Amino acid sequence: MYDSASLVSGIRKGDPRSIARSITLVEREDPARLAVLKAINADIGHAHIVGITGPPGSGKSTLTDKLLKELRSRGRRVAVAAIDPSSPFTGGAILGDRIRMQRHADDDGVFIRSLATRGHLGGLSRATTETVRIFDAAGFDDIIIETVGVGQSEVDIVRLADTVVLVSVPGLGDDIQAIKAGVMEIGDVFCVNKADRDGSERVIREIRAMLEAAVMNGAATRFSALYQALDQLKAVDRTEGQSSPRASSSGLFDQGAAHHIARQPPGHDALEIPAVIPTTAETGDGVSRLVDEIKAHEAALVATGFLRLRRHENLSWELGNALADRVLRRLEGEDRKIELADLASAVLDKRKDFYEALGILEGSLAG
Amino acid sequence: MERKIRVLVAKPGLDGHDRGAKVIARALRDAGMEVIYTGLRQTPEQVVNAAIQEDVDVIAMSILSGAHNHLFPRVMDLLKEKKIDDVLVVGGGVIPDDDIPGLKAAGIAEVFTPGTPTTTTIEFIRNNLKRKV
Ligand code: B12
Ligand SMILES: Nc1nc2c(ncn2[C@@H]2O[C@H](COP(=O)(O)OP(=O)(O)O)[C@@H](O)[C@H]2O)c(=O)[nH]1
Ligand SMILES: [Mg+2]
């Protein structure tokens with residue numbers, strides 16, 4: 001009953017078992033997944049892909065639970081991929097994110113899948129990208145990815161999500177330094193959770209200051225270019241005395257623009273940084289505003305054409321990465337190890353020069 | 001192809017005793033399995049839906065409250081309703097010996113009571129999976 005044709009038609013109908021079984025094929029890197037992914041290729045690209053990242057214990061799972069609630073109340077179907085680490089010693093894992101979201105288990109507009117990293121570094125599991133594609137083809141409107149949450153090494157999520165929410169919390173002490181180092185490269189939307197705790201206002205101020213400094217120094221951020229493009233759109237709008245159809249239909253100018261804090265330091269052009277939103281995931285306070293901000297970001301991506309641009313960049317990266325993966329795997333075979341050893345001897349004995357040996361290896365990998 | 005045994009550790013009913021479930025969850029993780037824990041106070045429907053979404057090989061339920069004769073068979077009924085026949089279901093907790101044959105007749109593959117070494121459970125799971133590894 002689980003041939004690829006029935007899995008594909010199941011996915012298209014949103015059948016939970018077909019979705020779940022297909023994700024398992026992806027996780028096992030089963031060759032059978034290829035036919036499924038090929039067949040659903042035409043169905044994907046409609047969902048808004050949202051990454052939730054931040055240190056362990058910052059409340060990502062609790063926040064995701066509340067995001068689910070808010071998005072469901074707005075009539076959206078939502079899928080979650082929640083990633084937790086595998087033990088490097090036993091390969092086992094306790095995937096605990098679901099506990100906080102389990103109240104949604106009865107809601108057929110919600111699908112939650114826990115994924116173990118299985119040795120993959122970078123904050124996601126190897127299967128995450130293809131899991132997202134399956135969710136997308138199944139017609140979910142929003143797809144939330146909760147990363148492992150190990151700070152600076154969380155690089156994968158920016159290659160997968162349209163909108164990355166960076167969750168910070170008060171009371172992390174030195175850890176905030178780790179977040180600071182990568183903060184402007186990673187986040188599109190900034191959230192300070194556990195706003196019920198002492199020190200949250202200070203964290204909000206610190207993050208704002210970091211974002212402002214990043215913009216003034218011209219550092220690489222995920223938002224600067226987007227905001228410039230938005231400003232240009234708005235300028236066109238003003239001169240033409242009407243809203244551009246894409247921007248107005250997305251509600252961009254009703255809500256999106258209001259969420260950016262514009263400040264004008266003396267001698268500088270207007271400085272725009274994302275709003276930093278306090279939330280208390282435990283109670284749900286601030287979550288509705290966070291969803292507004294996430295959706296305003298999506299609207300901005302759509303209006304400026306950045307959505308396609310970003311997905312295009314991500315796919316280029318993924319293609320390159322997948323190729324590198326394949327090459328690495330081909331180096332693992334026993335025959336290849338012998339060939340490598342032989343070529344190394346040849347270089348060592350000066351029968352061949354290094355690049356000659358490399359060329360031979362390249363040739364036989366391609367063959 | 002990497003193949004991991006995935007297990008849903010579930011606490012159906014209003015029973016708040018979670019030590020045993022956590023002991024089992026850790027033991028299975030240490031045996032190399034991927035364990036999804038549902039947390040407390042689950043309805044049978046929630047257990048079955050989570051098992052489907054997580055595509056687990058095993059559902060492992062823990063009950064110490066005495067409600068096992070009602071909750072375990074209810075989960076089996078739901079699985080049958082949804083035509084799921086390839087998931088191994090085991091149970092454990094404070095369960096009188098007299099109740100065990102009835103639970104097995106309902107489809108619970110094995111019941112592990114206090115004092116059972118976790119290695120016994122691990123071995124049982126490995127040897128009785130319904131989906132090929
Ligand atoms: C500790 C304990 C508590 C703690 C629980 C703390 C916690 N967070 O878990 C507290 C004090 C809160 C508590 C409260 C109550 N308790 Co109490 N509690 C116990 C006690 C003494 C030990 C349970 C325990 O933690 N054992 C240690 C763990 C590791 O062992 P375990 O759970 O049995 O698990 C092992 C095996 O059973 C098996 N296993 C268990 N689950 C699973 C699942 C799978 C899949 C597998 C493979 C194996 C497996 O493997 C485990 C490891 O070997 C038992 C008595 C007893 N000796 O069992 C009573 C007991 C369970 N409690 C009982 C009662 C009545 C209550 C209360 C109703 C008391 C009251 N009137 O308020 C409340 C109810 C609480 C609630 N909300 O549900 C009764 C239940 C009677 C019944 N079944 O008919 C018992 C049996 C005591 C008795 N003899 O009367 N309790
Ligand atoms: N005080 C407070 N605690 C919270 C809040 N959000 C989450 N927590 C708690 O923080 C802990 C970690 O939450 P979790 O969602 O598992 O964090 P994750 O590791 O980032 O997914 C849990 O004990 C939560 O109850 C909040 O807004 N305020
Ligand atoms: Mg979490």
Note to self: I need the full set of residues from region B:61-71 which are under 20 Å from residue A:94 (Cβ atoms) and either within 16 Å of ligand 3 (Cβ to nearest atom) or open to solvent by 10 Å² or more (accessible area, probe 1.4 Å) (or both), in order please.
What the structure shows: B:62
Next item on the list: Among the residues of region A:82-109, write down those that are open to solvent by less than 70 Å² (accessible area, probe 1.4 Å), more than 7 Å from chain B (Cβ to nearest Cβ) and over 20 Å from residue A:53 (Cα atoms).
Entry: A:104, A:107, A:109
Checklist line | Matching residues in region B:19-49 - criterion: being open to solvent by 10 Å² or more (accessible area, probe 1.4 Å) and either in contact with a Ser or Thr (Cβ under 8 Å, 6 or more places away or on another chain) or within 21 Å of residue A:131 (Cα to Cα) (or both) | finding: B:20, B:23, B:24, B:27, B:29, B:30, B:31, B:32, B:37, B:46, B:49
Note to self: Can you confirm whether residue A:115 is away from chain B (no Cβ under 12 Å) and surrounded by 21 or more Cβ atoms within 10 Å (Cβ to Cβ)?
What the structure shows: no
Margin query: Among the listed residues A:236, A:167, identify the single one that is at pLDDT 90 or above, of a type outside the set (D, E, K, R) and assigned by TED's automatic domain parsing to the domain that holds residue A:293.
Written below: A:167
Notebook entry, point to check: Quick one: which of A:132, A:110 is more than 16 Å from ligand 1 (Cβ to nearest atom) and either more than 21 Å from residue A:290 (Cα to Cα) or not aliphatic (A, V, I, L, M) (or both)?
Noted result: A:132
Margin query: Looking at region A:276-290, can you tell me whether even one residue there is in a helix (DSSP H, G or I), assigned by TED's automatic domain parsing to the domain that holds residue A:199, open to solvent by less than 40 Å² (accessible area, probe 1.4 Å) and closer than 30 Å to residue A:46 by Cβ?
Written below: yes
Next item on the list: Select from region B:50-78 the residues that are more than 13 Å from ligand 1 (Cβ to nearest atom) and either touching a Ser or Thr at 6+ places or on another chain (Cβ under 8 Å) or over 25 Å from residue B:29 (Cα atoms) (or both) and list them in ascending order.
Entry: B:50, B:54, B:55, B:73, B:74, B:77, B:78
Notebook entry, point to check: Hey, does region A:58-80 have a residue that's farther than 17 Å from residue A:143 by Cα and either open to solvent by 10 Å² or more (accessible area, probe 1.4 Å) or in the same structural domain as residue A:137 (by TED's automatic domain parsing) (or both)?
Noted result: yes
Margin query: I'm told residue B:14 meets every condition in (1) more than 9 Å from chain A (Cβ to nearest Cβ); (2) crowded, with 22+ Cβ neighbours inside 10 Å; (3) more than 13 Å from residue B:92 (Cα to Cα) except one. Can you identify the failing condition by its number?
Written below: (2)
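Being without any contact (Cβ under 8 Å) to a residue 40 or more places away in the chain and of a type in the set (Gly, Ala, Ser) narrows it down to one of A:39, A:47, A:20, A:81, so name that one.
Only one candidate qualifies: A:39.
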Checklist line | region B:29-51, residues that are more than 7 Å from chain A (Cβ to nearest Cβ) and over 24 Å from residue A:62 (Cβ atoms) | finding: B:44, B:48
Notebook entry, point to check: Checking residue A:30 against (1) acidic (Asp, Glu); (2) free of Cβ contacts under 8 Å to residues at least 24 places away in the same chain; (3) open to solvent by less than 10 Å² (accessible area, probe 1.4 Å), which single condition isn't satisfied?
Noted result: (3)
Notebook entry, point to check: How many of the residues in region A:81-114 are touching a helix residue (DSSP H, G or I) at 6+ places or on another chain (Cβ under 6 Å), within 16 Å of ligand 2 (Cβ to nearest atom) and over 17 Å from residue B:39 (Cα atoms)?
Noted result: 1
Note to self: Take the conditions away from ligand 2 (no atom under 16 Å from the Cβ), within 14 Å of another protein chain (Cβ to nearest Cβ) and on the phi < 0 side of the Ramachandran plot and apply them to residue B:87. Does it pass?
What the structure shows: yes
Checklist line | Residue ID - farthest from the other protein chains (Cβ to nearest Cβ), chosen from residues in region A:49-65 that are part of a loop (DSSP other than H, G, I, E, B) and either near ligand 3 (Cβ under 10 Å from one of its atoms) or among the acidic types (Asp, Glu) (or both) | finding: A:54
Check: Among the numbered criteria (1) touching a residue at least 24 places away in the same chain (Cβ under 8 Å); (2) at the interface with chain A (Cβ under 9 Å from one of its Cβ atoms); (3) open to solvent by 10 Å² or more (accessible area, probe 1.4 Å), which single criterion is violated by residue B:54?
Finding: (3)
Next item on the list: Inspect region A:66-81 for any residue being within 14 Å of another protein chain (Cβ to nearest Cβ) and not in a strand (DSSP E or B) and give the result as yes or no.
Entry: yes
Item checked: Per-region count, region A:214-232, residues open to solvent by 40 Å² or more (accessible area, probe 1.4 Å) and assigned to a helix (DSSP H, G or I) -> 5
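The values are calculated or read from the model by the stated rules, or taken from the named source; none is laboratory data. Computed from a predicted model, the values in this text were never measured in an experiment. Don't worry about glycine lacking a Cβ; one is built from the backbone with ideal geometry, like all the others, and counts go over all protein chains shown. Side chains are part of the model used for accessible areas, which takes the heavy atoms of the whole protein and leaves out ligands, DNA and RNA. Shrake-Rupley method; radii C 1.70, N 1.55, O 1.52, S 1.80 Å.
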